Each structure stands twice: as C-alpha cells, then as structure tokens.
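Below is one structure, written out as structure tokens, with a few remarks after it.
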Amino acid sequence: MTDFLSNVRIRSGNQMVAEGALRAGCKFFAGYPITPASGIYKTMIDMLPGKGGVALSAPDEISALAYCVGASLRGQKAMTATSGPGWALMTETVQYALMTETPVVIAMVQRLGPSTGGATQNAQGDVLLVENCTSGGYTIPVFTPSNPVECYELTHLAFTWSELLRTPVVVMLDKEVGMTSEDVDYMRIHDLTTLSRQRIAQSGNGSNGNVDTYYFEHPEDVPSFVPVGGKIKTTVTGSAHNKAGRLQKNSPETLEVLYHLQKKIDANANQMELVKRDVEDGARTLIVSYGITARTAREAVRRIRKNAEKVSWLNVLSLFPVPENKLRNSLHGIERIVIPEENFGGQYRSVIETLFDDQDIVGVNKIGSMITPDEIIAEVV
Amino acid sequence: MPQQYETYLVDGVKFPFCKGCGHTHSVRHLDKALAILQRDPTGINLVSDIGCIGLVDALFSGIHTVHTTHGRSTAFGVGIELADGILHDSDLKTIVILGDGGATIGLLHIVHAALLNVDVTVIVCNNYLYGMTGGQHSAFTPYDMVTTTTPSGNIIPPMDICSVAQSCEAGFVARTLATDKNLAGVLAKAIEYPGFALVEIMEICPEYGLKHGGIDGKKLKESIKEQNKPLGILVNRQDRTEFSVQYNNSIDTEAYERLKKKNEFTIKKEYTSSLERQAGVVIAGTAGERVQLSSYLLLNAAIASGLHATQKNDNPVTQGSGFSISEVILNQDEVYYTGIESPDYVVITSNDGLREITANGLLSRCTDETILLVDASLNIEGVKGRIKKLPLRKTFGADRAAVGGLGVCVGGAGIVPRDAFEREIEKRFREEGKKIISKIYELTDAKFFSENA
C-alpha cells in the first residue's frame, strides 16, 4: 500500500530526470528529438521557460550540446538529453566540455544499438561507449537510476558533481527506466541541497595579478569558475593549454593541466561512490546490477529469499568512477558475483572483472527483451 | 572621460601567420572595428575555430576568448549568446571567427544561427582551402583551382556562404576583400547589428593559394567575379527581431501556468483495492485506437485505489499506424520487475495487436490461468488460457474498443474497483463515458469471470 497519497503523481523516468534538473537549478536546455529520450526534451520545453529558463530545439545533437556548453560557459547550469545515435554525435563536445572544465549534464537514455538500432527497444549496451568516449581515457562520471525517484535524485546529484568538479556528467538511463510510467510518491524524494556555481572573487589568482581561467594550486583542485562575458577576462580553449588557458605544447604546466583533469576526479572518487546495498549474512552470491536490471535483480532477490535462501544485492547508482570500495566491502563471504546486463558482452562485468580478478564473476546477458528474474536466479548459487 | 581604446591587440603583438597571409589583414581590421565601437573589452567575446585563423585568440588582450573545436565555433557562440541575451542583463557581443574549412564543417551551425537571428557576428575568412593541414581544397574552392587535393583543378562548384546566409534570413550579410580599406567599418557595422551578421572576407593563402594555385591579388579579384559573388554590404535588414527579445516576448505565462498545474496533478487514494497478488494486464490493438490512453486510465484508477502500478507502451516507430501495445502491472506492494512474465489478463482488440503479441512472444507466455478478452472478429488458436470472444469493435467502435474491453476486464475480474475505473472513463470521455460504461455492463458476463476466478 502507498503512504502519503496526497503526493502521488504518475511519472516516467524521463519526466523525473527533467524535474530533477529543474530542482538542481538547470536554467538552459537544448534538445533534439530522439526515442527514447524525447520525454526529457518535452518536459523541459513545457516547464523550463515558465521558470525563467531557456529551453529550445537545436538542429542536431552536436549543436544541442554545444549550445549547452556555451550557456554553461556564460555561467548557467545546462543539460541536454539523447540516446545512442545522438551520443555518437555529441562525443566531440563532451570532450570539449571536459577539456575546458565546463560543467554540463547529459541525460543518455539507451536503446538497442548499434547504429540507429532499435529505437523502441531496450538495451544497456552503451555503458562502455559513454565511459570511454574521450581521447586520452578520462573518467566521465556516470549515474544510473533504476526508477523515477532515482532519476530525480541522481540527475540532481549529476548537477552537483558537474559543478563541483567542473566536468561533464552523464545520467544514464535505459528505455525501460526512461519510458515506463508509474506512481511516484514525492514524499520519498530525499531533501536535496543545491549548489550555486562557485565563482571566483575579483582578485587575481594568477602569477601576475591576472585571473587564470584554469588556475589550481594542487592538481586535484578544481579551478574556480569565471563566466565568459563577466567582468573578468576569460581564456577558454579546448586545445592543450596552461593554467592561463594559453595553447602550449608539452610545457610542464600543460602536462600538469592534463593530469589535473583526471586527478580532480580520482581525488573525489570515494565521495562519489553511491550504491544501494542489501547484504544478507551468510549469502554466497552477490548480484551487482544497475538501471532496469536492478529492478529485475531486486525481484529475483525477493523470490530467492522467499524460498528461504540467501543472496546479497547491490544496485550501482554511480557506475563510474566504479564504486570500488563499496563493492569490495560487500564481498564478505561471497563466492560468486552475478552481473545481469541487457547487452550481450557483459560490458560492466568486463570492468568489474579487471578489479576483482580473484572472484568468480558470471554474467546474465540478453538483448531484444528484458532479462527475467528467473534468468538471474538460475545463476545464483 | 571614459578610457579610449586604440587597440585591443596584445602589446607588441607578433602575428603568427605567413608573410602575406590574408588573416593578418582580417585580424588588424577586426581590431580597428573594435576600436571604432569602443566597447569595454569584457563586453566582447571572440570565439575562434580550428585552423590558422584559430590562433587569433592569443593576439587579443582583455577580451573574452573561447577557442573551440572545428566548425563548432558558431554553435558555442550561439549558446553563450542565448544564455547572455535571455538570462543575463548584459550587452555582450559575441564574434565568431573561422575559415572556409570551419564554415564547411559547421555549416548547419551558421544556418541555424541565421535562422534564430541570435546576436552573433560570424566572420568567415575564405582563402579557398585548408592551409594548416597542407592546402587541401574546401567547399569554397573555385572551379579549376589547383590545390594539393585537386591536382587537375577543382571540378565542384564553390559554396556561396553569403547566399546561404541570405536564404536563411540573415539580417546582415557582407563580403569584402581582406585588403579592402573599408573592411573595419563593415565589421563594426556587423558587430553592432542587433542580430545575426555574417561577413565573408576573401583572402589569399600565400603558402598554398599562391604557390600552388597561383591565386595572387589580381587572380583573387578575377575569381570572385567569375563566381558571380558581389562585394560590399549585401543585406542590412531592419525587419527582424533579435532572438532573445523575441524569445522573452513569446513566453505565454498563462500557458506555462496551465502546464504547471496539469503537471502537478496528484492522485488521492479514494478507493480500496482487494487485489491479492500482482496482476499483469496487456492491451493489444491498433495505433490511434486509444490503446495506451485506456491503459493510462487503468493506471490512474489503480493508483487511486492505493495500488502501485506501472505502465509501458510499445508501438512501431511510426506513431499512428500498425500495432499499439500497452502493459500495466498492478500490485499492493512496490512493483520491482516491470516486465510481464506471464500475463494475467489480455485484451485484444484488433489483428494488428494480435499479430504483435504473437510475434513478440507474449501470447505464448499465457498460462491456463490467463484470461483473454478477444474481439469477436479475431481468429485465435493454440493459446493457453480462458478465452472469451466479445464484439468489442462492434459494440464500442474501433477507437473505444480498448477502453471498452478493459472496462469489461476490470468489471468482471475486479482488478481495480469498478467505480475507480468508471470515474476515469467519465473524466476522459465526459457524456459519452456514461454510454461506454453502460455498454461495458451489457458485455460483462459475470458467469465467465466467476467460473474463472
């Protein structure tokens, strides 16, 4: 039975991504239609202008993200939404945002690939495509909600980390999470604290009294933000640069900046770890899941326990950086890790295997239709 | 006296361009244009592209500079200006500078910026080729010109970016030679123009255009003539409104209030469901026949009865033709798994729906317990479950067959309280709803459901 019924609304995951973004202070959205992400675009178009923000259509996904990055450079929180084919077009600009340390959030609602694939079919096949989209192999933080409330909260959190780290952050859904509608009790949404973008004080931070756009003292520090168009001159560039934003080739300071782009994320990886954990004493199997399969896994867990058998379950909400500590801390007594994914290769499993090479790790993999709880149960010892 | 700006260039600036390069002329004229306008440096934002001209950002002092990816300079500039114009009370002027290569790869960004009429000035430095990467031809290379990638001479007609901009309703369009002494004045007018402006500057690349292609000053002028490309200010319209002004004026506050109210509609628990275990309901029919709407009514009724419920829909990539399938799961507790392993209730209203749930395997997952309400016109064989054929289409009409069939299912099997679903039908179909409800009563065979309970 539901409680607090006066706050129950019907929502899809897509709608809740949009609402989470608004709650986080998103003021700019540029979109391009694509199934199964169009619901986010539509909700932002319906809601953002009424809240004093800008929501508009772009002529393609390249422009959509570039408009968002431009708006963010000007000082506004910005988001776009897409699916695999649109993501393919956006990767150039994701990298630009990373290199220019520009906060931006991208909601990525997966569908069946490759290429235009199956627009209305579910898949979790873009996990590595999203994470490994940069030349140089930088970490793109990725959050993976499995239900509408998580869509809201994790989108909000994506904005928080994007602002804190000045880097692009992805909220990755799949079609089932994005397009399934259900009852959402707003009382279940946690109190959330929204960050304003940290702006630099008027005084200079650079060596000669200037403000260096990318100034940091230690490589893991995040430069304070200076908006393009404000009273302090900015020097923004997507090419290799020093702290002042000047193009330089292989100077020690330029290399320091390149290391810094990763170190600022590594230094915060522990704080970014987020999982929902349901560990049972004496369980020998741990199911690790994310997105829609987390719900399937949860049902599998319910059935297993109903049969008086033991099993532990972990819903990974921060897919990248990999929540290594929280995973490791869940392994007491575990002899087998089962990772269900709606892709055929076991994409996240391949990442987990490199971290826990002493573990017996098996996948439950399928494309074209949803993995069932019983298919997961079959792999649980 | 406010500060006078004689130049915005770095003190003792050294240009990185080859001797005789058109870029040097263009940048000097841009600086002069800024000096004409006398803006505070932080009120200027120079967005640069990739290629030799992309080195421009380091030549200026005090102004904002944003060095971007190839061809995307206009899009980033548009994003900055959209946020600036609509969300900030400032008067930032964004100038995008790129080459003919950048304009080629980023053509759609220029097109959209012109259509929007956003306050961005795009300067295209056209030297007919890609200089930085070795003199390859671009979409702007004139006929017959020899470049490193057109050794026999170019056979593709050159792009006319000014015509493109003009056809996209650009408010200000000009084309000049890099050596034109009026260039600074033209650029100043373009930057000052309240909306999208494009200036194409015709240049020589001394390394490849001259040495390879034989394009000197005289040849450049001849080639412009041969291309029928007029010089001077080609468009200076006063009839377009700048985008941010238009955007802000277009906001219909009342419309957004209505949307907000609709969006914030909450469902109160007004009924009590006696559902004992999770139920999976499938409605299969034809697109455009209110299949998904009917399921949405069930979803609302379920939640108003205190249940947790999910709904997902499937249709072909076209929205209004072919099959339409909807799945609703109802439970007293939270629904974890959103798929239907074996359906409890199936309503099939058309052949489109029947074909699809046969093809996707759903029908084969019916069990002996499944109740199927099937339109009388359909031929259904070899399916497990208790099948009841009903004249759904005939009784309710094609686009009410789904809601009617679902109504029979709800009324007969009691998956949600009958009142709850009837209220949803009346809310949606008003007066007609009462008729639908009375037909539902007529078609509901209590005996069939009690036997199969």
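The values are calculated or read from the model by the stated rules, or taken from the named source; none is laboratory data. Quantities reported herein were computed from a predicted structural model and do not represent experimental measurements. Note that we place each Cβ from the backbone using ideal geometry, even for glycine, and neighbour counts take in every protein chain shown.
Only one entry of B:294, B:326 meets the criterion of being touching a residue at least 12 places away in the same chain (Cβ under 8 Å), more than 10 Å from chain A (Cβ to nearest Cβ), under 34 Å from the mean Cα position of the chain (by Cα) and assigned to a strand (DSSP E or B), and that entry is B:326.
If I filter segment B:220-263 down to residues being assigned to a helix (DSSP H, G or I) and among the β-branched types (Val, Ile, Thr), which single residue comes out as nearest to the other protein chains (Cβ to nearest Cβ)? Quick ask: steps written out before the conclusion?
To start, the set of residues in segment B:220-263 that are assigned to a helix (DSSP H, G or I) comprises B:220-226, B:243-250, B:253-263.
Keeping just the survivors that are among the β-branched types (Val, Ile, Thr) gives B:224, B:245, B:253.
Numbers: B:224: 30, B:245: 13, B:253: 7 Å.
Only one residue fits best here, namely B:253.
Taken together, A:105, A:94, A:130 contain a single residue that is in contact with a Pro (Cβ under 9 Å, 6 or more places away or on another chain), assigned to a helix (DSSP H, G or I) and at negative phi, which is A:94.
Looking only at residues in segment A:334-366 that are away from every other protein chain (no Cβ under 14 Å) and closer than 24 Å to residue B:365 by Cα, which one is surrounded by the most Cβ atoms within 10 Å (Cβ to Cβ)? It would help to see each step written out before you state the result.
Going through segment A:334-366, the residues away from every other protein chain (no Cβ under 14 Å) turn out to be A:334-339, A:341, A:343-363, A:365.
Next cut, closer than 24 Å to residue B:365 by Cα only: A:341, A:343-344, A:365.
Values: A:341: 26, A:343: 22, A:344: 13, A:365: 19.
Selected residue: A:341.
Scan segment B:419-428 and give yes if some residue there is in a helix (DSSP H, G or I), of a type in the set (D, E, K, R) and at pLDDT below 95, otherwise no. Checked segment B:419-428: no residue is in a helix (DSSP H, G or I), of a type in the set (D, E, K, R) and at pLDDT below 95. Of the helices (runs of 4 or more DSSP H) lying entirely inside segment A:282-381, those containing at least 3 residues that are over 26 Å from the mean Cα position of the chain (by Cα) span A:292-306, A:373-377. Collect the residues in segment B:244-263 that are exposed (fewer than 10 other Cβ atoms within 10 Å of the Cβ) and of a type in the set (D, E, K, R), keeping them in residue-number order. Result: B:254, B:261, B:262. Meeting the requirement of 2 or more residues that are touching a residue at least 40 places away in the same chain (Cβ under 8 Å) and more than 8 Å from chain A (Cβ to nearest Cβ), the strands (runs of 3 or more DSSP E) wholly within segment B:18-116 are B:44-48, B:93-99. Out of the residues in segment A:10-30 meeting the condition of being touching a Phe, Trp or Tyr at 6+ places or on another chain (Cβ under 7 Å) and within 10 Å of chain B (Cβ to nearest Cβ), tell me which one is surrounded by the fewest Cβ atoms within 10 Å (Cβ to Cβ). Per the stated criteria, the residue is A:19. One residue stands out among those in segment B:264-277 that are facing chain A (nearest Cβ under 10 Å) and surrounded by 16 or more Cβ atoms within 10 Å (Cβ to Cβ): the one that is nearest to residue B:363 (Cα to Cα), which is B:273. If the condition is being in contact with a Cys (Cβ under 7 Å, 6 or more places away or on another chain), more than 10 Å from chain B (Cβ to nearest Cβ) and surrounded by 24 or more Cβ atoms within 10 Å (Cβ to Cβ), then segment A:78-101 contributes A:79, A:80.
Take residue A:33 and decide whether it is more than 8 Å from every other protein chain (Cβ to nearest Cβ), in a loop (DSSP other than H, G, I, E, B) and not β-branched (Val, Ile, Thr).
On the way: more than 8 Å from every other protein chain (Cβ to nearest Cβ): yes; in a loop (DSSP other than H, G, I, E, B): yes; not β-branched (Val, Ile, Thr): yes.
Yes; evaluated as a whole, the condition is true for this residue.
Counting only residues that are among the hydroxyl-bearing types (Ser, Thr, Tyr), over 20 Å from residue A:174 (Cα atoms) and part of a helix (DSSP H, G or I), segment A:54-91 holds 3 of them.
Condition check for residue B:313 on (1) in a loop (DSSP other than H, G, I, E, B); (2) out of contact with any Pro (no Cβ under 9 Å at 6 or more places or on another chain); (3) within 29 Å of residue A:301 (Cα to Cα): one failure, at (1).
Within segment A:65-76, can one find any residue that is more than 9 Å from every other protein chain (Cβ to nearest Cβ) and either of a type outside the set (Asp, Glu) or buried (at least 24 other Cβ atoms within 10 Å of the Cβ) (or both)? Explain how you work it out, then say what you get.
Within segment A:65-76, the first condition is being more than 9 Å from every other protein chain (Cβ to nearest Cβ), and the residues that meet it are none.
No: segment A:65-76 contains no residue that is more than 9 Å from every other protein chain (Cβ to nearest Cβ) and either of a type outside the set (Asp, Glu) or buried (at least 24 other Cβ atoms within 10 Å of the Cβ) (or both).
Evaluated against (1) part of a helix (DSSP H, G or I); (2) surrounded by fewer than 20 Cβ atoms within 10 Å (Cβ to Cβ); (3) away from every other protein chain (no Cβ under 14 Å), residue A:257 falls short on exactly one condition, (2). Contact map, segment A:39-51: residues that are facing chain B (nearest Cβ under 10 Å) paired with residues that are assigned to a helix (DSSP H, G or I) and buried (at least 20 other Cβ atoms within 10 Å of the Cβ), Cβ distance under 7 Å, separation 6+ or inter-chain. Pairs shown: A:43/A:14; A:43/A:15; A:43/A:18; A:47/A:18; A:47/A:22; A:48/A:22; A:51/A:22. Among the residues here, residue A:316 does not qualify as touching a helix residue (DSSP H, G or I) at 6+ places or on another chain (Cβ under 6 Å), assigned by TED's automatic domain parsing to the domain that holds residue A:282 and within 30 Å of residue B:313 (Cβ to Cβ). What's the number of the only condition in (1) more than 14 Å from every other protein chain (Cβ to nearest Cβ); (2) crowded, with 21+ Cβ neighbours inside 10 Å; (3) touching a Lys or Arg at 6+ places or on another chain (Cβ under 6 Å) that residue A:315 fails to meet? It fails just one condition, (1).
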